[in-house]
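**Q** Please see the structure below; I have some questions.
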Amino acid sequence: MDELRLKLAIQKSGRLTEPSLDLLVRCGLKISRGKDQLMAYGENMPLDVLFVRDDDIPDLVQEDVCDLGLVGLNVLEEKRLELASRGHAARFQQVRTLDFGRCRLALAVPDGASFEGPSSLRGKRIATTYPYLLEKYLRERDVCAEIVTLSGAVEIAPRLGRADLICDLVSTGSTLQANHLREVETVLESHAVLIRTPLDLPPLKDEWVQRLLMRIDGVQQVRESKYIMLHAPRSALGEIRKLLPGSESPTIIPLEGFPDRVAIHAVCRENVFWETLESLKKAGASALLVLPVEKMLA
């Protein structure tokens, strides 16, 4: 029955679209979707994916049109502040911080313009698509400036004479460089988050939400994790434990026929670099093997 299927809203097109779909695939979801369809049907889970504008995701979730939403923290906080300005409390619940979609909402000035801290913003015109976050930033620093709200193409506002500087999302900084702008101050560090409806869900739906959250946790735990196996002298155990990155309690296995040597198996929750392997070998390790970790449940 359709009313027992979860509905998840994600960005229709943008920097979060592919990572969001990749996360769902890693969680085991198989979806069928036509080329231009705005909804994908979960074949092996009672979960349907809606492709919508990212600005609409918080509203769709808090109005219970969708049960879940994957959205950038920048969008979520802007919506929260907008609702507060109208005397309304946000009714969506943030249930997970996700490890993709990292960027920052930052102030940028034209190349050659001086900037000596927030006080430099007094009396200036600042173009942005995030007026509520920018207003909060200025208010907290007791700065009076004019906020010029634009729906897009913020980076060209100074060249058009519409603003003195901008407040926009920055990832690599290449767009700023292309428009002769220089990043000077961070307003908000952002990343993807998972939100859910404030309403109680039927037991079957809630069970699938919990299963999905458990799978997301498992995927995030192993994204940079590696499974490492090696042989080593017992006398080198202390040094080797220190060298294993992000591993709390490796498994120590006696080697048959070699009373002074052991096998060590460990899940390393950080990347294992060549320098790490070289250091382990120098400490006495041999037969080193590093494998990717696909899934893990604590």
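**Q** May I ask you to list the residues in region 106-132 that are under 16 Å from Glu183 (Cβ atoms) and not in a loop (DSSP other than H, G, I, E, B)?
**A** If the condition is that a residue be under 16 Å from Glu183 (Cβ atoms) and not in a loop (DSSP other than H, G, I, E, B), then Ala106, Leu107, Ala108, Val109, Pro110, Pro118, Ser120, Leu121, Ile126, Ala127, Thr128 are the ones that fit.
**Q** Residues Glu224, Glu189: which one is under 22 Å from the mean Cα position of the chain (by Cα), of a type in the set (Asp, Glu) and surrounded by 14 or more Cβ atoms within 10 Å (Cβ to Cβ)?
**A** Values: Glu189 fails: surrounded by 14 or more Cβ atoms within 10 Å (Cβ to Cβ).
When all the criteria are applied, what remains is Glu224.
**Q** Hey, another quick one. If you go through region 91-105 one residue at a time, how many are assigned to a loop (DSSP other than H, G, I, E, B) and either aliphatic (A, V, I, L, M) or surrounded by 20 or more Cβ atoms within 10 Å (Cβ to Cβ) (or both)? Give the steps one after another, and end with the answer.
**A** If we filter region 91-105 for residues that are assigned to a loop (DSSP other than H, G, I, E, B), which is where we start, we get 91-92, 98-102.
When the remaining residues are screened for being either aliphatic (A, V, I, L, M) or surrounded by 20 or more Cβ atoms within 10 Å (Cβ to Cβ) (or both), the result is 92, 98, 101.
Summing the residues that are assigned to a loop (DSSP other than H, G, I, E, B) and either aliphatic (A, V, I, L, M) or surrounded by 20 or more Cβ atoms within 10 Å (Cβ to Cβ) (or both) in region 91-105 gives 3.
**Q** Here's another thing I want to ask about it. Specify which of the listed residues (Ser235, Ser174) is within 20 Å of Pro19 (Cβ to Cβ), at pLDDT below 95 and surrounded by fewer than 14 Cβ atoms within 10 Å (Cβ to Cβ). Talk me through it step by step, then tell me what you get.
**A** Working: Ser235 fails: within 20 Å of Pro19 (Cβ to Cβ).
Result: Ser174 is the single residue among Ser235, Ser174 that is within 20 Å of Pro19 (Cβ to Cβ), at pLDDT below 95 and surrounded by fewer than 14 Cβ atoms within 10 Å (Cβ to Cβ).
**Q** Could you please find all residues in region 203-233 being of a type in the set (A, V, I, L, M, F, W, C) and in a helix (DSSP H, G or I)? Working first, answer last.
**A** Of region 203-233, the ones of a type in the set (A, V, I, L, M, F, W, C) are 204, 208-209, 212-214, 216, 219, 222, 228-230, 232.
Leu204, Trp208, Val209, Leu212, Leu213, Met214, Ile216, Val219, Val222, listed by residue number.
**Q** Across region 11-40, what is the total count of residues that are under 13 Å from the mean Cα position of the chain (by Cα) and in a loop (DSSP other than H, G, I, E, B)?
**A** Summing the residues that are under 13 Å from the mean Cα position of the chain (by Cα) and in a loop (DSSP other than H, G, I, E, B) in region 11-40 gives 2.
**Q** Please find, within region 150-171, the residue that is surrounded by the fewest Cβ atoms within 10 Å (Cβ to Cβ) out of those that are closer than 20 Å to Pro118 by Cβ and either among the charged types (D, E, K, R) or outside the structural domain of Val109 (by TED's automatic domain parsing) (or both). Reasoning before the result, please.
**A** Pass one, region 150-171, residues closer than 20 Å to Pro118 by Cβ: 154, 157-158, 163-170.
When the remaining residues are screened for being either among the charged types (D, E, K, R) or outside the structural domain of Val109 (by TED's automatic domain parsing) (or both), the result is 164, 168.
Details: Asp164: 20, Asp168: 28.
Among them, the one singled out is Asp164.
The values are calculated or read from the model by the stated rules, or taken from the named source; none is laboratory data. The model shown is predicted, which means the values in this text are computed figures rather than measured ones. When we count neighbours, we look across all protein chains shown, and the Cβ atoms used for this are built from the backbone with ideal geometry, even at glycine.
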